[in-house]
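Visitor: Let me give you the structure first, and then I'll get to my questions.
The values are calculated or read from the model by the stated rules, or taken from the named source; none is laboratory data. For clarity, every value in this text was computed on a predicted model and none was experimentally measured. Cβ coordinates were reconstructed from backbone atoms using ideal geometry, including for glycine residues, and neighbour counts include every protein chain displayed.
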Amino acid sequence: MHLGHADAVRLLAANAFLTAARSIATMEAMQVLAGHTGSPKAVRRASKRLAWRIDLTSLAGTAALLALLAAFLWWRDMAAAALMVGLVSIGLPARHPGSLLIAWKDRTVAWKMGAAITGLAAAALVYLLGGGIVGAALALAAREWGGLAATALFAPRRTPRDPLPEEPLTFADFASRTEASSRRRLTYRIGKSALVAMFGPFGNIIARTGRGAHLDRRIARFVPRHRGSMALLALGTVVGAVMLLLVTTEPAALLGAAALARIGASAGSALLWWNYARSSVGEEDDDDE
């Protein structure tokens with residue numbers, strides 16, 4: 001089956017919906033656990049048990065949301081999009097809880113390189129064999145497993161903190177990091193959406209470049225700082241996404257709904273963990289864009 005332009009748009013939307021589901025249904029487990037590299041064995045074991053419970057719950061919650069989304073898309077006669085959502089979800093366990101297996105390693109470079117090489121190889125195979133929409137979606141899912149494998153095989157061990165943490169992690173540690181990460185992602189996604197609206201495809205490049213140059217910190221002042229405003233942003237964007245899907249089944253509308261869903265999910269996550277907000281400086285966030 002030939003992969004046309006409309007199917008490519010649907011595939012991008014399916015992946016965006018996946019990141020939206022992860023944003024609202026998961027917590028930052030791996031990044032928090034990584035901070036206990038080198039801690040006493042008993043402390044590390046207790047922290048790992050809690051991280052695994054959190055990540056397995058995250059996996060179940062994300063899978064449930066994606067199943068509901070696929071059912072909704074199927075009901076709206078968007079069978080191809082529903083199928084793509086299900087197929088790209090095959091990569092989800094590589095993140096939750098798979099990433100906990102490599103929490104003690106520095107994944108910054110290895111994961112991205114592994115994901116990129118796996119994605120390119122899988123895409124080339126799909127092109128040569130004519131895999132169509134199924135092959136393209138599986139190639140996208142394979143990127144996550146490639147990143148996990150590359151990190152496990154080639155990434156160096158993280159440098160322990162000084163001083164070493166001597167107390168096991170608590171739920172509040174995971175929740176506060178999740179709230180901080182949600183705000184950073186929300187800032188990035190609002191900025192990216194504005195740049196794409198102004199500059200088209202080049203806006204995505206500008207947004208990623210600006211992320212490295214801390215442009216998102218300047219945009220942060222536009223992110224709601226009050227619970228009510230954040231709730232309105234989350235509700236408004238999610239309602240907008242649903243309305244787009246109800247009004248039309250065009251691929252462009254599907255992609256627009258996915259973009260709104262990602263903003264709404266990030267805002268919803270920040271709102272969900274609002275009471276755990278505190279000064280939280282992490283090493284790196286999950287780059288799911």
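Visitor: Report yes if some residue within segment 101-121 is touching a residue at least 60 places away in the same chain (Cβ under 8 Å), within 19 Å of Ala20 (Cβ to Cβ) and aliphatic (A, V, I, L, M); otherwise report no.
Guide: Checked segment 101-121: no residue is touching a residue at least 60 places away in the same chain (Cβ under 8 Å), within 19 Å of Ala20 (Cβ to Cβ) and aliphatic (A, V, I, L, M).
Visitor: Being closer than 29 Å to Ala51 by Cα and touching a strand residue (DSSP E or B) at 6+ places or on another chain (Cβ under 8 Å) narrows it down to one residue among Lys112, Lys105; which is it?
Guide: On the way: Lys112 fails: touching a strand residue (DSSP E or B) at 6+ places or on another chain (Cβ under 8 Å).
The match here is Lys105.
Visitor: Here's something else I'd like to know. Given the criterion under 30 Å from Ala277 (Cβ atoms) and either in contact (Cβ under 8 Å) with a residue 40 or more places away in the chain or of a type outside the set (Phe, Trp, Tyr) (or both), identify the matching residue among Arg158, Arg143. So that I can check it myself, show each step before the final result.
Guide: Numbers: Arg143 fails: under 30 Å from Ala277 (Cβ atoms).
Step by step, each of Arg158, Arg143 is checked, and only Arg158 is under 30 Å from Ala277 (Cβ atoms) and either in contact (Cβ under 8 Å) with a residue 40 or more places away in the chain or of a type outside the set (Phe, Trp, Tyr) (or both).
Visitor: Being out of contact with any Asp or Glu (no Cβ under 8 Å at 6 or more places or on another chain), among the hydroxyl-bearing types (Ser, Thr, Tyr) and within 30 Å of Glu167 (Cα to Cα) is true for just one of Thr118, Thr37. Which residue is that? Step through it out loud before you land on a result.
Guide: On the way: Thr118 fails: within 30 Å of Glu167 (Cα to Cα).
Matching residue, one of Thr118, Thr37: Thr37.
Visitor: Checking Arg45 against (1) outside any loop (DSSP other than H, G, I, E, B); (2) farther than 21 Å from Ala253 by Cα; (3) within 20 Å of the chain's Cα centre (by Cα): exactly one of these is not met. Which one?
Guide: (3)
Visitor: Please verify whether segment 231-252 includes one or more residues that are of a type in the set (S, T, N, Q) and within 20 Å of the chain's Cα centre (by Cα). Show your work before the answer.
Guide: Just the residues of segment 231-252 that are of a type in the set (S, T, N, Q), to begin with: 237, 248-249.
Remaining after also requiring within 20 Å of the chain's Cα centre (by Cα): 237.
Checked against the condition, which is being of a type in the set (S, T, N, Q) and within 20 Å of the chain's Cα centre (by Cα), segment 231-252 yields at least one hit.
Visitor: So, in segment 23-39, of the ones that are in contact (Cβ under 8 Å) with a residue 60 or more places away in the chain and among the hydrophobic types (A, V, I, L, M, F, W, C), which residue ends up surrounded by the fewest Cβ atoms within 10 Å (Cβ to Cβ)? Lay out the reasoning, then the answer.
Guide: Here is the first cut: in segment 23-39, the residues in contact (Cβ under 8 Å) with a residue 60 or more places away in the chain are 23-24, 26-39.
Narrowing further to those that are among the hydrophobic types (A, V, I, L, M, F, W, C): 24, 27, 29-30, 32-34.
On the way: Ile24: 22, Met27: 25, Ala29: 29, Met30: 20, Val32: 25, Leu33: 24, Ala34: 22.
Ranking the qualifying residues of segment 23-39, first place goes to Met30.
Visitor: Among the numbered criteria (1) modelled with pLDDT of 95 or more; (2) assigned to a loop (DSSP other than H, G, I, E, B), which one does Val88 miss?
Guide: Unmet condition: (2).
Visitor: Same structure, new question: Looking at Ala155, Ala115 in this structure, which one is hydrophobic (A, V, I, L, M, F, W, C) and within 18 Å of the chain's Cα centre (by Cα)?
Guide: On the way: Ala155 fails: within 18 Å of the chain's Cα centre (by Cα).
After applying the criteria, what remains is Ala115.
Residue-by-condition table, conditions (1) touching a helix residue (DSSP H, G or I) at 6+ places or on another chain (Cβ under 9 Å); (2) aliphatic (A, V, I, L, M); (3) more than 30 Å from Thr159 (Cβ to Cβ):
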residue	(1), (2), (3)
Val9	yes, yes, yes
Pro40	no, no, no
Gly61	yes, no, yes
Trp74	yes, no, yes
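Visitor: Any residue in segment 218-234 that is within 16 Å of Glu179 (Cα to Cα) sitting within a Cβ distance under 7 Å of a residue that is at pLDDT below 85 and in a helix (DSSP H, G or I)? List the pairs, counting only those 6 or more apart or interchain.
Guide: Ala220/Thr187; Val223/Thr187; Val223/Ile190
Visitor: Check Ala42, Ala80, Ala8, Ala71 and return the single one that is surrounded by 15 or more Cβ atoms within 10 Å (Cβ to Cβ) and on the phi < 0 side of the Ramachandran plot. So that I can check it myself, show each step before the final result.
Guide: Details: Ala42 fails: surrounded by 15 or more Cβ atoms within 10 Å (Cβ to Cβ); Ala8 fails: surrounded by 15 or more Cβ atoms within 10 Å (Cβ to Cβ); Ala71 fails: surrounded by 15 or more Cβ atoms within 10 Å (Cβ to Cβ).
None of the others qualify; the one that does is Ala80.
Visitor: Would you check if Trp52 is in the same structural domain as Leu153 (by TED's automatic domain parsing) and touching a residue at least 12 places away in the same chain (Cβ under 8 Å)? Walk me through it before giving the result.
Guide: On the way: in the same structural domain as Leu153 (by TED's automatic domain parsing): yes; touching a residue at least 12 places away in the same chain (Cβ under 8 Å): yes.
So Trp52 passes the test.
Visitor: Restricted to segment 114-132, and to residues that are in contact with a helix residue (DSSP H, G or I) (Cβ under 7 Å, 6 or more places away or on another chain) and crowded, with 16+ Cβ neighbours inside 10 Å, which residue is nearest to Leu92 (Cα to Cα)?
Guide: My answer is Ala115.
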